[in-house]
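Encoded as structure tokens, the structure appears first; notes follow it.
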Amino acid sequence: MSAHPADAAPPPRGSFGRYWTAAAISSFGTAVTAVAMPVLVVQLLSATPFEVGIVNAAQFVPYALLGLIAGAYTDRWRRKPILVWSSIGRALSLGAIPVLWLAGVLEIWMLVVLLLLFGSFSVFGFAATQSFLPRLVPRSSLVVANARLDQTDAAAQTVGPALGGGLVALLGAPIALAVDAVSYLVDALLNASIRVDERRERRPERNLRREILEGLRWAYAHRTLGPLAVSTHVWFFANGIAFTVLSLLALRSLGFTAFTFGLLLAVSGSAALLGATFASGFGSWLGTGPAIIVARAAYPIAWLVVGATAWLWAEPVLLYIALAIHGLAAGVENANEMGLRQAVTPDSLLGRVNANIRSANRTAAALGALAGGAAAGLVGDAWTLVVVAIVFAVAAIVAVLSPPLRAMKSFPESD
């Protein structure tokens, strides 16, 4: 079975460029929110550690509830309209936060409800996003295209947090969130202007349950994707704990300002940009599977360094070193992992496979955020960071123990 829609008409020139530009603008807005949201929750709304975990989890909960359905309908519907309307929905959900703040009525529960709505639109948006790219570039260019997107996202994570910190200091965290809302509107307009062939296969008899099971079977019974998916789910659980604790450690225990917290995230973005720049070459040299494994093994090291800062009350500069290691690993692995998944999955299943894996990832992240908030409140930042390093190590071990992943040097012609 062909894994790429080779029979589709080639897209007009500039299609990927518009898609890339839309993703870049949205990424810059998201990077601003990465600073503004923790400041809003931790400092302005004075949330408890467990409330911080609930807020961090809220936007991921819809993946558990809607992910399987979103994947099935993404394979039924044309993906461009899904991209457009999901971006509009996210803009409205996020834009309501500064409106409520200016009205003087914003509370934690309202923020949670809006983030649940935001996450619901994101479920469909990301299922379509990850399934739309193979319509815009040839199969042989998937890793390069994903690397370009990752480079842009990493650049946004480099400049965006510093910009976000400045905006928070100048305008306040709630108003800074409006920047992200506007970025989603621009994203919607650019994606709406893309001309692309999205002919869908006519299937008169539809069975949602069967279609969902087909996607699950491909994602988890596949000899390479299955172990990689499990490893990634564990990684997201660890990451959910990690960044919940990081915001508490930096903003509360170490007294970081919004600007210095933004700089911390910017270091991670800079390193991710560097990693994404070399992702394709590193994957070609070492092999796609081994490149993913090596990158995944770097995360426990990074979070052991963060843990050392909490345990030893060492210089905060260690946090910057740790986030640089984290970002570098993320930049290397993501393009290779996404390219692998897009290359070995048939186009007719790509929406379901992407949505299934991403939904499980986000569910794991939500559980991790809740666990991180609860653990930080019960046993403190330092002990929770020990758990973080251990769980990241488990994710790396799962990947290492997969012979097909270790052996995958390049993409197969078909699967």
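The values are calculated or read from the model by the stated rules, or taken from the named source; none is laboratory data. Here the structure is a predicted model, which means the values were calculated and not measured. Please note: Cβ atoms are built from the backbone with ideal geometry, for glycine as well, and neighbour counts cover all protein chains shown.
Just a few scattered comments:
- Members of segment 92-132 found to be surrounded by fewer than 20 Cβ atoms within 10 Å (Cβ to Cβ) and more than 30 Å from ALA72 (Cβ to Cβ), listed by number: VAL99, LEU100, LEU102, ALA103, GLY104, VAL105, GLU107, ILE108, TRP109, MET110
- SER253 meets all of the listed conditions (1) of a type outside the set (A, V, I, L, M, F, W, C); (2) out of contact with any Asp or Glu (no Cβ under 9 Å at 6 or more places or on another chain); (3) modelled with pLDDT under 85 but one, namely (2).
- For segment 204-223, filtered to residues that are more than 22 Å from LEU66 (Cβ to Cβ) and either among the acidic types (Asp, Glu) or loosely packed, with under 11 Cβ neighbours inside 10 Å (or both), the residue that is modelled with the highest pLDDT is ALA221.
- Between LEU367, LEU340, the distinction of being of a type in the set (A, V, I, L, M, F, W, C), touching a residue at least 24 places away in the same chain (Cβ under 8 Å), surrounded by fewer than 23 Cβ atoms within 10 Å (Cβ to Cβ) and in a helix (DSSP H, G or I) belongs to LEU367 only.
- The set of residues in segment 1-30 that are at pLDDT below 80, of a type in the set (A, V, I, L, M) and part of a helix (DSSP H, G or I) is empty.
- Residue among THR152, THR158 that alone is at pLDDT 75 or above, part of a helix (DSSP H, G or I) and β-branched (Val, Ile, Thr): THR152
- Residues that are assigned to a helix (DSSP H, G or I) and without any contact (Cβ under 8 Å) to a residue 24 or more places away in the chain, drawn from segment 370-415: LEU378, VAL379, TRP383, ILE397, PRO403
- Residue in segment 46-64 that is nearest to ASN191 (Cα to Cα), counting only those that are touching a residue at least 24 places away in the same chain (Cβ under 8 Å) and surrounded by fewer than 20 Cβ atoms within 10 Å (Cβ to Cβ): ALA64
- Candidates LEU273, LEU216, LEU249: the one that is part of a helix (DSSP H, G or I), farther than 25 Å from ALA366 by Cβ, touching a residue at least 40 places away in the same chain (Cβ under 8 Å) and out of contact with any strand residue (DSSP E or B) (no Cβ under 6 Å at 6 or more places or on another chain) is LEU273.
- For segment 95-125, a residue qualifies if it is among the aliphatic types (A, V, I, L, M) and outside any helix (DSSP H, G or I), and the qualifying residues are ALA103, VAL105, LEU106.
- The set of residues in segment 285-344 being farther than 25 Å from ASN356 by Cα and of a type in the set (Ser, Thr, Tyr) consists of THR309, TYR320.
- Taken as a whole, segment 126-142 holds at least one residue that is farther than 25 Å from ALA70 by Cβ and part of a helix (DSSP H, G or I).
- Some residue of segment 69-79 being free of Cβ contacts under 8 Å to residues at least 24 places away in the same chain and assigned to a helix (DSSP H, G or I): no
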